[in-house]
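Accompanying notes for the structure given below.
The values are calculated or read from the model by the stated rules, or taken from the named source; none is laboratory data. Not measured: the values here are computed from a predicted model. Here the Cβ positions follow ideal geometry from the backbone for every residue, glycine too, while neighbour counts run over all protein chains shown.
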Amino acid sequence: MTSFTATGLGFVAALAACTTGSSTNTGADAPSGTTITVMGAADAVASNQSLTALGGAALAPYTASGDSAGPATTSSSAGATVGVFTLNVKSPFTGYIKATATGYVDTYAWPPGTVSADLTGATIELITEDTLTSVYGADNCDVGGGQNAAEGVVALRVVAFSGATATPVAHATVTTSSAPADQKICYLAPDGADEQPSAAATQTDASGIVWILNSAVGSLTVTATAPGHTFMPTIVAPVATTFTTTLVAGS
C-alpha cells in the first residue's frame with residue numbers, strides 16, 4: 001500500500017515530510033521551469049503488508065489535472081539497486097505519480113499536499129490482482145460481490161506529525177465524502193506475526209493503515225478522526241479498477 005515502510009504505504013509518508021500547506025490537492029497545474037528530484041524505490045506489496053523490491057516498473061509524474069509533470073522513468077532491475085528510481089518533477093508538485101508494471105494493478109500515489117523540495121526515500125507500492133482479490137475475500141475484508149469494475153481502491157495510512165517525523169496513528173477511523181453502496185472501509189488486525197486487512201477490525205491498529213474498497217471515482221475527500229489528534233482532509237482522485245495510495249496527516 002502507501003508511506004513507505006515495512007508495513008506498506010511508504011511513498012506518501014516520505015513525501016509528507018516535504019509537503020507544505022493544506023493536505024488537499026487543488027488540481028492546479030505545476031508551472032514549467034523549476035524542478036525537484038524524487039528518489040526512491042518501487043516495491044510489490046503483499047496482503048500482509050510485506051514489501052519486495054520491484055524492478056522494471058514504469059513511473060511518471062502528473063499534475064492533479066492529469067498533465068505531465070516531468071519525464072517518465074523505469075525502476076532499476078540491476079543487482080543491489082533493484083526497484084530504485086529517480087524522477088525530475090516540476091515544482092511545486094501537487095499531483096500524483098503513476099506506476100505500472102506487468103502483472104500489477106496500476107498505482108496512483110498521491111502526496112497529502114504540495115511537494116516543493118527534493119525528496120529521497122520515497123517508495124511507490126504496487127499490488128497484484130491476486131493480492132487485491134485476497135483483500136476483498138472472505139478471509140480478509142469480506143466484501144460481498146467482490147471488486148466493482150466501475151469503482152476504485154484506496155490504501156492509506158493515518159499519521160501524526162511532530163516536526164518532520166510521522167508516526168502511524170492507532171484507534172483512528174476514516175470517512176469519505178461520497179460512498180457507493182458497496183464501499184467498504186477495512187482496517188488491519190494481527191494475524192500471527194503479520195497484519196492482515198480484517199472485516200472484524202473497526203479502527204486502525206498501530207500501522208495506521210486503512211483500505212477503502214469499491215471507492216467512488218473522481219475527486220474523493222478522506223477524513224480521519226482519532227482521540228487526541230486533529231487531521232487535515234486529503235483529496236485524491238481514484239480511477240476505476242486501479243490502486244490509489246495516500247496519507248491522511250495531522251498532529
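What the table shows:
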{"item": "Hey, ASP205 in contact with a strand residue (DSSP E or B) (Cβ under 6 Å, 6 or more places away or on another chain), farther than 25 Å from LEU51 by Cβ and not polar (S, T, N, Q) or not", "result": "no"}
{"item": "Index of the failed condition, ARG157 passing every other in (1) touching a helix residue (DSSP H, G or I) at 6+ places or on another chain (Cβ under 7 Å); (2) on the phi > 0 side of the Ramachandran plot; (3) not hydrophobic (A, V, I, L, M, F, W, C)", "result": "(2)"}
{"item": "Yes/no for ASN140 being touching a strand residue (DSSP E or B) at 6+ places or on another chain (Cβ under 9 Å) and surrounded by fewer than 17 Cβ atoms within 10 Å (Cβ to Cβ)", "result": "no"}
{"item": "Filter result for the condition that a residue is within 16 Å of the chain's Cα centre (by Cα) and not polar (S, T, N, Q), over PRO238, PRO227", "result": "PRO238"}
{"item": "Evaluation of THR241 against (1) farther than 21 Å from LYS98 by Cβ; (2) out of contact with any helix residue (DSSP H, G or I) (no Cβ under 6 Å at 6 or more places or on another chain) (one fails), failing number", "result": "(1)"}
{"item": "Residue within the stretch 174-194 that is buried (at least 16 other Cβ atoms within 10 Å of the Cβ), at pLDDT 95 or above and more than 24 Å from GLU129 (Cβ to Cβ) present", "result": "yes"}
{"item": "3 or more residues loosely packed, with under 15 Cβ neighbours inside 10 Å and touching a Ser or Thr at 6+ places or on another chain (Cβ under 8 Å): qualifying strands (runs of 3 or more DSSP E) within the stretch 41-132", "result": "none"}
{"item": "Scope the stretch 103-132; condition farther than 14 Å from ASP43 by Cα and either modelled with pLDDT of 95 or more or not hydroxyl-bearing (Ser, Thr, Tyr) (or both); matching residues", "result": "TRP110, PRO111, PRO112, GLY113, VAL115, ALA117, ASP118, LEU119, GLU129, ASP130, LEU132"}
{"item": "Residue in the stretch 150-165 that is under 21 Å from VAL45 (Cα atoms) and surrounded by fewer than 18 Cβ atoms within 10 Å (Cβ to Cβ) present", "result": "no"}
{"item": "Residues of the stretch 90-102 satisfying the condition of being modelled with pLDDT under 95 and either touching a Pro at 6+ places or on another chain (Cβ under 6 Å) or on the phi > 0 side of the Ramachandran plot (or both)", "result": "none"}
{"item": "Filtered residues of the stretch 220-240 (kept if at pLDDT 95 or above and of a type in the set (S, T, N, Q))", "result": "THR221, THR223, THR225, THR230"}
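The rows are residues; the columns are (1) under 22 Å from GLY144 (Cα atoms); (2) surrounded by fewer than 17 Cβ atoms within 10 Å (Cβ to Cβ); (3) in contact with an Asp or Glu (Cβ under 9 Å, 6 or more places away or on another chain).
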{"position": "ALA201", "(1), (2), (3)": "yes, no, no"}
{"position": "SER215", "(1), (2), (3)": "yes, no, yes"}
{"position": "PRO227", "(1), (2), (3)": "no, yes, no"}
{"position": "PHE231", "(1), (2), (3)": "no, no, no"}
{"position": "PRO238", "(1), (2), (3)": "yes, no, yes"}
{"position": "SER251", "(1), (2), (3)": "no, yes, no"}
